[in-house]
Amino acid sequence: IMESNVTNAFSTAKNYVPDAIIMFSENKDEQVFEIIKAIKHDDLLKHTPILLLVNSFNEEYVLTSFDLGISDYIALPAKDSEILMRVIWALQKSAVSRDLVKKEQLLEDLQVFNKKTGSYKAKYLPKVFLNEVNSAQKYKYPLVIMAMALNDDSKDKIHDDTFAQIIKKSLRSTDVLG
């Protein structure tokens, strides 16, 4: 599906929910930023990869585009094989991302994982931590485990969800919270 009118691009994407979105942009086209924001805030489209074709490299423009959520950019002119390779990569990344969202939802439905706080329920922590230790040993990556106990007698009590949100903001995507 091709949409040549920038102002109609978001509604077209929303109507068809494509596997990938390839957008051409003249550098400094602020409308493109608004479309990227709209796509990334839409529940149906937020996991759809966006590839931005630009006619010349402008570092600030490309970095802003990445900050807003594009998957990749391609400076033109580009070989057909490069475009194809980047589209395939974006589709593979998107499939993994969508699969992760489904699995997180399943874990939440089974009451194993709390999506709001990004943490596992206490009764599943031994299994989760054992899995993390085994993965770290198998793939030889460093692992840090931090255990915390909140003092219920404290005068300055903080709600568990609030505490979890504070911790979640400082975690990396590979960290586990329980």
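The values are calculated or read from the model by the stated rules, or taken from the named source; none is laboratory data. Worth saying up front: this structure is predicted, and the values here are computed from it rather than measured. Cβ sites come from the backbone with ideal geometry, for glycine too, and all protein chains shown count toward neighbours. Note: accessible area is taken over every heavy atom of the protein model, side chains too, but ligands, DNA and RNA are not part of it. Shrake-Rupley method; radii C 1.70, N 1.55, O 1.52, S 1.80 Å.
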Within region 32-41, count every residue that is farther than 12 Å from residue 14 by Cα and surrounded by fewer than 16 Cβ atoms within 10 Å (Cβ to Cβ).
-> 2
In region 98-115, what residues are more than 26 Å from residue 49 (Cβ to Cβ) and modelled with pLDDT under 80?
-> 114
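Within region 123-146, how many residues are within 18 Å of residue 168 (Cβ to Cβ), open to solvent by 80 Å² or more (accessible area, probe 1.4 Å) and either among the β-branched types (Val, Ile, Thr) or outside any loop (DSSP other than H, G, I, E, B) (or both)? Write out each step before concluding.
Let us first name the residues in region 123-146 that are within 18 Å of residue 168 (Cβ to Cβ), namely 124-125, 128-129, 132, 144-146.
After this cut, where a residue has to be open to solvent by 80 Å² or more (accessible area, probe 1.4 Å) as well, the list is 144-146.
Still in the list and also either among the β-branched types (Val, Ile, Thr) or outside any loop (DSSP other than H, G, I, E, B) (or both): 144-145.
Looking only at that region, the number is 2.
Might you check whether a residue that is modelled with pLDDT of 85 or more, of a type outside the set (Lys, Arg) and open to solvent by less than 100 Å² (accessible area, probe 1.4 Å) occurs anywhere in region 164-171?
no
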Looking at 5, 27, which is the one that is farther than 22 Å from residue 88 by Cβ, modelled with pLDDT under 85, surrounded by 12 or more Cβ atoms within 10 Å (Cβ to Cβ) and over 17 Å from the mean Cα position of the chain (by Cα)?
-> 27
Pick out the one residue from 123, 140, 79 that is on the phi > 0 side of the Ramachandran plot and either modelled with pLDDT under 75 or more than 23 Å from the chain's Cα centre (by Cα) (or both).
-> 140
Could you please tell me which pairs satisfy a Cβ distance under 7 Å, a separation of 6+ or placement on different chains, a first residue in region 13-25 that is over 21 Å from residue 86 (Cβ atoms), and a second residue that is open to solvent by less than 60 Å² (accessible area, probe 1.4 Å)?
-> 14/42; 14/45
Please specify each residue of region 54-69 satisfying the condition of being out of contact with any helix residue (DSSP H, G or I) (no Cβ under 6 Å at 6 or more places or on another chain), among the aliphatic types (A, V, I, L, M) and surrounded by 15 or more Cβ atoms within 10 Å (Cβ to Cβ).
-> 54, 62
Exactly one of (1) farther than 30 Å from residue 113 by Cβ; (2) in contact (Cβ under 8 Å) with a residue 60 or more places away in the chain; (3) small (Gly, Ala, Ser) is unmet by residue 94. Its number?
-> (1)
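Suppose we filter 84, 44 for residues that are closer than 20 Å to residue 2 by Cα, open to solvent by 90 Å² or more (accessible area, probe 1.4 Å) and either assigned to a loop (DSSP other than H, G, I, E, B) or touching a residue at least 40 places away in the same chain (Cβ under 8 Å) (or both); which single one remains?
None of the others qualify; the one that does is 44.
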Residue hits (region 95-130; touching a helix residue (DSSP H, G or I) at 6+ places or on another chain (Cβ under 8 Å) and within 15 Å of residue 176 (Cβ to Cβ)) are 112, 113, 114, 115, 117, 118, 119, 120
Verdict on residue 60 being within 30 Å of residue 121 (Cα to Cα) and at pLDDT below 90 = no
